[in-house]
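**Q** I have a structure I would like to understand better, so I am pasting it below and will then ask my questions one at a time.
Read-outs: derived from the displayed coordinates by stated rules, not from any lab. Treat the numbers as computed from the prediction; the structure is a model and nothing was measured. Quick reminder, even Gly has a Cβ in these numbers, built from the backbone with ideal geometry, and neighbours come from all protein chains shown.
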Amino acid sequence: MNYDEFFQSSLDDLRTGGNYRVFADLERYVQTFPRARNHRDGKVHDITIWCSNDYLGMGVSDTVTTAMKEAIDRCGGGAGGTRNISGTNHYHVLLEQELASWHNKDAALLFSSGYVANMTALMTLGAKVPGMVLFSDALNHNSMIEGIRHSRAPRHVWKHNDYDDLHRQLSQYDRETPKLVIFESVYSMDGDIAPLEKIVEVAEHHNAMTYLDEVHAVGMYGESGSGVAERDGVVDRIDIIQGTMGKAIGVVGGYVAAKHSVVDFIRSFGAGFIFTTSMPPTVAAGACASVRYLREHNELRIRHQERAATLKARMKALGLPAMPSVSHIVPLLVGDAALCKQASDMLLEKHDIYVQPINYPTVPKGTERLRFTATPLHTDADIDHLCTALVDVWETLGLRREALAAE
Ligand SMILES: *Cc1c(COP(=O)(O)O)cnc(C)c1O
């Protein structure tokens, strides 16, 4: 085999389809976020970031940077081992306690990332609970799909957010069969939110456990910010809550929170937890400070929702095809991979606005989109600038605008 030829031609196929990924080379700044520098074509450009998952700007906050600086001076760079072999730092223990209490669970367990948390927890439960059957929402994130796949447990995919379909599929099994219902709260590409209470009701009816990915909700929903389960009053009816520290918390790392027995089981049997160096103490310290802050500052969430709502309203008023979203996510439909990439390039090169195109396979073909996230740090002037630029790009590329509602 000519290896190089194979690799090159596979990559060429991606380029032809408009799906080849090019990373923006950024310098994010503590003082100026969402303004940043973009290294491009040998030059440096000042740009505004409009697609960060640091939804609340916590990653650039004093709260987080101070905690991380203190921790690095006390405990140094790396943790020095796996959790079992000298790598459990007191900061890890404090963070796990903080996360457990935030989600009103007995215990929590840290992982390198949200991806590893999903992969490891689902693989462990699917593979090590005898007879376990998994029920996965059709739009679940790749990290859950991979965990489910690698567990080799029998699996059923239920229609997205459709609790009647879930009910039908669960009905094939008796109450004694171990079952796990796996879903998300906020789906980050469309910005829709699952009907948690209905799903929980169905799961309880069939004696199934529930596993909820709150990655796009932790820090952002509920009075203390622990997620949609808190907002909807169903925290105590969800068996396992999974989250990330890489998005609204502003650092990196993942976790699950659940009953002692469940957490201890994953801790004791989960390969992706056991056989890897634990996160740096600085990261745990930063995340812990961030969670403590977020629990106390609901006003940040109110401001965040207001910014997202304002952006959606401005787009609609201009006839820009903002997709229906009940969350903080603002997706704008383009509907074609090449045009989506062109729109993103033009926003960056002509208007100093950075938003990544979202193409297949992340979203279905024909629904390619730009996905905007407004943080509490985006000003009215930033929103004006963005909307003016979008109208220019939409006109230049001949993209579809909607009839104005007011007419
Ligand atoms: C981003 C994401 C993850 C992975 O979290 P990381 O901490 O970034 O690895 C898991 N689930 C969903 C739904 C996500 O969007």
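**Q** Please give the helix 114-128 orientation as an angle from the longest Cα principal axis of the chain, in degrees from 0 to 90, rounded to the nearest 10.
**A** 30
**Q** Can you give the Rg/Rh ratio of segment 110-239, where Rg is from the C-alpha atoms and Rh is the Kirkwood radius?
**A** Values: Rg = 13.8 Å, Rh = 14.7 Å.
With Rg and the Kirkwood Rh in hand, the quotient comes to 0.94.
**Q** Sticking with this structure for a sec: Using the Cα centre of the chain as origin and beta-carbon charges of +1 (Lys, Arg) and -1 (Asp, Glu), tell me which of ILE145, PRO321, TYR3 is placed farthest towards the positive end of the dipole.
**A** TYR3
**Q** Expected output is a single nm value to one decimal: the length gained when fully extending between ALA309 and ALA403, i.e. 0.36 nm times separation in residues minus the C-alpha distance. What is it?
**A** Working: separation 94, 0.36 × 94 = 33.84 nm, distance 1.97 nm.
Residue separation times 0.36 nm, minus the Cα-Cα distance, leaves 31.9 nm.
**Q** Measure nothing but the geometry: give the 0 to 90° angle between the long axis through the Cα atoms of 90-102 and the longest principal axis through the Cα atoms of the chain, rounded to 10°.
**A** Helix 90-102 sits roughly 80 degrees off the main axis of the chain.
**Q** Related question: Rank the residues TYR29, TYR354 as a footprinting-exposure proxy: fewest other Cβ atoms within 10 Å of their Cβ go first. Don't jump to the answer; show the numbers that get you there.
**A** Details: TYR29 13, TYR354 20.
If I rank by nearby Cβ atoms, fewest first, I get TYR29, TYR354.
**Q** Right, something else. Stretched out fully, how many nm does the piece from ASN84 to LYS69 gain, at 0.36 nm a residue minus the Cα gap?
**A** Values: separation 15, 0.36 × 15 = 5.40 nm, distance 2.56 nm.
In short, 2.8 nm is gained.
**Q** If you line up the Cα atoms of segment 45-171 on their principal axes, what length do they span on each, largest first, in Å?
**A** Dimensions of segment 45-171 along the principal axes of its Cα atoms: 55, 44, 30 Å.
**Q** How much FRET efficiency would the formula 1/(1 + (r/R0)^6) give for HIS45 and ARG175, where r is the Cβ-Cβ distance and R0 is 45 Å, rounded to 0.05?
**A** 0.15
**Q** Let me know the charge dipole size of the chain about its Cα centre in debye, to the nearest 20, where only the beta-carbon of Lys, Arg (+1) and Asp, Glu (-1) is charged. Working shown, then result.
**A** On the way: 40 positive and 51 negative charges, 101 e Å.
Result for the chain is approximately 480 debye, rounded to the nearest 20.
**Q** Residue by residue, what Karplus-based ³J(HN,Hα) values in Hz, rounded to whole numbers, does segment 382-393 have, using 6.51, -1.76 and 1.60 with θ = phi - 60° and x for Gly and Pro?
**A** Per residue, the Karplus-derived 3J(HN,Hα) values read 4, 5, 4, 4, 4, 5, 4, 5, 5, 4, 4, 5 Hz.
**Q** Rounded to the nearest 500, what is the chain's calculated 222 nm mean residue ellipticity when only DSSP H runs of at least 4 contribute -39500 (n - 2.57) each, over all residues? Walk me through the numbers on the way to the answer.
**A** Details: 14 runs with 170 residues, N = 407.
That calculation yields -13000 deg cm²/dmol at 222 nm.
**Q** Order 73-79, 300-306 from most to least packed using the mean count of other Cβ atoms within 10 Å. Don't skip to the answer; put the middle values down first.
**A** Numbers: 73-79: 14.0, 300-306: 17.6.
Packing order, densest peptide first, comes out as 300-306, 73-79.
**Q** Then there is this: To test your reading of the geometry: what angle, between 0 and 90 degrees and rounded to tens, separates the Cα axis of helix 142-151 from the longest principal axis of the chain?
**A** Taking Cα atoms only, the helix is inclined about 30 degrees.
**Q** Just add up the charged neighbours of MET144: K/R +1, D/E -1, any other residue whose Cβ is under 14 Å from the Cβ of MET144. Before the final figure, lay out each step's value.
**A** Numbers: positive: ARG149, ARG155; negative: ASP137, GLU146, GLU184, ASP213, GLU214.
Its environment carries a net charge of -3.
**Q** If you build the Cα gyration tensor of the chain and take the root of 5 times each eigenvalue, what three semi-axes come out, in whole angstrom, biggest first? Walk me through the numbers before you get to the answer.
**A** Values: eigenvalues 237, 141, 103 Å².
Whole-Å semi-axes of the equivalent ellipsoid: 34, 27, 23.
**Q** Starting from the amide H of VAL133, placed 1.01 Å from N in the peptide plane, find each other amide H under 5 Å away whose residue is 5 or more places distant or on another chain.
**A** Those qualifying (amide H under 5 Å, at least 5 residues apart or on another chain) are LYS179, LEU180.
**Q** How charged is the neighbourhood of PRO34? Take every other residue with its Cβ under 10 Å from the Cβ of PRO34, and add Lys/Arg as +1 and Asp/Glu as -1. Mind dumping the intermediate values first?
**A** Numbers: positive: ARG28, ARG35; negative: ASP54, ASP382.
Its environment carries a net charge of 0.
**Q** Next up: In nm, what is the difference between 0.36 nm times the number of residues separating ARG149 and GLN97 and their Cα-Cα distance? The partial results should precede the final answer.
**A** Working: separation 52, 0.36 × 52 = 18.72 nm, distance 3.07 nm.
Extra length from ARG149 to GLN97 when fully extended: 15.6 nm.
**Q** Tell me, how many Å apart are the Cα centres for segment 325-388 and for segment 106-161?
**A** Segment 325-388 and segment 106-161 have Cα centres separated by 30 Å.
**Q** Hey, another quick one. Translational D (Stokes-Einstein, µm²/s) of segment 62-296 at 10 °C and 1.306 mPa s when Rh comes from the Kirkwood sum over C-alpha pairs? Numbers along the way, then the final one.
**A** On the way: Rh = 17.7 Å.
Value of D from the Cα-based Kirkwood radius: 90 µm²/s.
**Q** Now for a separate question. Let's test the formula: R0 of 41 Å, r as the Cβ-Cβ distance of GLN31 and ASP4. What FRET efficiency results, to the nearest 0.05? Intermediate values should be presented prior to the final figure.
**A** Working: r = 45 Å, r/R0 = 1.09.
It comes out at approximately 0.35.
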